[in-house]
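Take a look at the structure below.
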Amino acid sequence: MAHKRNSVEVPELEKLLAGKKKKYVRYEEGAVLYSMGKNSFRQVAQDALAIVRLKRIALVNVEVLDEYLESFRE
């Protein structure tokens, strides 16, 4: 069975986040987790100031992103 390098298993990712084991996600993981496109996820993460850059890797702090999204709740 072929395995794509950038594939993300949503149930497994949700388990990690529910258990607070994963605080940061890459754009690809976050896009799948939040059910949006990669570019849309990147833009929302930028707006939330949730991006941390380490060398050439961009990571998104899901806790900061969740707080930002909750601020739009009516």
- line: Projected onto the charge dipole of the range 21-60 (unit charges on the beta-carbon of Lys, Arg, Asp and Glu, signs +1, +1, -1, -1), the Cα from Val25, Phe41, Ile57 with the largest positive-side position is that of Ile57
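Mind ordering 61-72, 40-51 by average Cβ neighbours within 10 Å, highest first?
Numbers: 61-72: 13.7, 40-51: 16.3.
The peptides rank, most packed first, as 40-51, 61-72.
Quote to one decimal, in nm, the extra length available between Glu63 and Asp47 on full extension: 0.36 nm per residue of separation minus the C-alpha distance between them. Please list the in-between numbers first.
On the way: separation 16, 0.36 × 16 = 5.76 nm, distance 1.40 nm.
Result for the pair: 4.4 nm of gain on full extension.
Taken together, the values in this text are just the output of simple stated rules run on the coordinates, not laboratory data. All figures in this text were calculated on a predicted structure; none of them were measured in a lab. Please note: Cβ atoms are built from the backbone with ideal geometry, for glycine as well, and neighbour counts cover all protein chains shown.
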